[in-house]
1. Using a 10 Å cut-off around each Cβ, can you sort 296, 129 from fewest to most neighbouring Cβ atoms?
2. Taking every pair of alpha-carbon atoms in region 117-166, give the share separated by more than 17 Å as a whole percent.
3. Local charge sum around residue 106 (other residues, Cβ-Cβ under 12 Å, Lys/Arg +1, Asp/Glu -1)?
4. At 0.890 mPa s and 25 °C, plugging the Kirkwood radius over alpha-carbon pairs of region 204-327 into Stokes-Einstein gives what diffusion coefficient in µm²/s?
5. State, to one decimal in nm, how far the label point of residue 188 lies from the label point of residue 6, with both points 7 Å from Cα in the Cβ direction.
6. Could you estimate the translational diffusion coefficient of region 220-270 from the Stokes-Einstein equation, with Rh from the Kirkwood formula over C-alpha pairs, at 10 °C and 1.306 mPa s, in whole µm²/s?
7. Where Lys and Arg each count +1 and Asp and Glu each count -1, what net charge lies around residue 323 among other residues with Cβ under 14 Å from its Cβ?
8. Full-extension gain between residue 323 and residue 208, please, as 0.36 nm times their residue separation minus the C-alpha to C-alpha distance.
Amino acid sequence: MSQINSKITEEIRSKVKALLSAEEIAAFVGFIDGTLPMTARPFTARSPEDADRLVFNSFCVVNPAVYLPPLLKSLEPPRRPTDPLPEGPLPKVGILATGCWSRNISIQLQENQIARERVVVLGTGCRGMVDMRKVGSIIDGREIEKAYELDDRISVSGKGFSEEILLEDVLRDNCLTCICPNPVIMDHRVGGQVPDRRVDNRFPFVDEIESKSLDKRWEWFQNEISSCIRCYACRNVCPLCYCPTCFVDDSRPQWVGKSLDPADTSIFHILRAFHCAGRCTNCGSCETVCPMGINMRVLTSKLTKDVIDLYGTEAGVDSDAPLPLTTYSETDRQDFMV
């Protein structure tokens, strides 16, 4: 295992065990080893013994912030939506947070989905997470039976092959353009500070699509989503999707059909992206879990780029900054009204 991440893992286990033993938190959201090579799965530790299973490595690709609001609510006494919160302190939850994960926690705080006093954040710098599809292309799709993480490489092996791959060559695209690898919200630090990545252009693929004609853009979009099976994995894994009833499930009125008709699929992806405008932290979870490999992050990246250009703000970086699409300022550009 990587010496860097091995040290972070030990610090996480030690701190979480202390927090759970002292009953400062009721649960902790982190990761444990997955059942397949190069995988780590989200895990909720509820006892000091559970803390010994926690890990941190370059395979922790799902944003754990998605579990935070429902976990906090599950620890509250049963009540109706109109009932006030019970008096007295409520149980706290701990969570592991890298740069983009902590920015999602910041958004959840801004949108009143969680209370800051109920969350204990263990912050760690992130050097980037591995894209299994990139690894698969390098080894020509051969089955990986064993995988080890080194500090700057990934060692993979299977029947008849063994290779070491540079970590930089298989990082996820969103990690390659990340400018915020360190947590923006943190109660306890584990591991050291990670140097900011120098990125000349954070939106190269967006620029490529924007350079096309309108017809070519639409053709690209239709081709990209043509394989969508409407499994909603992208929605379910997103830390920003916590509407009581999603627009795709609403029947009064029915905003979008349930079929695989191109019109229904297009509306789903377009509206899902717009719901993330000014809120998406580019964590990449949606693309990671998509079974069809759809490059849907281009849509949210386009909107992120527009929000930066129009409002000069980055989602979740400053928890005190107003949300750009729910705040009016006299200095806002009004080009769309002219």
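1. 296, 129
2. Within region 117-166, distances greater than 17 Å cover 43 percent of Cα pairs.
3. -1
4. In µm²/s, the coefficient is 158.
5. Here the answer is 2.3 nm between the modelled labels.
6. 135
7. Residues close to residue 323 contribute a combined charge of -3.
8. 38.6 nm
No value in this document is a laboratory result; all are computed from the given coordinates. Source: prediction; values computed, not measured. With ideal geometry, Cβ positions are generated from the backbone for all residues, glycine too; neighbour counts draw on all protein chains shown.
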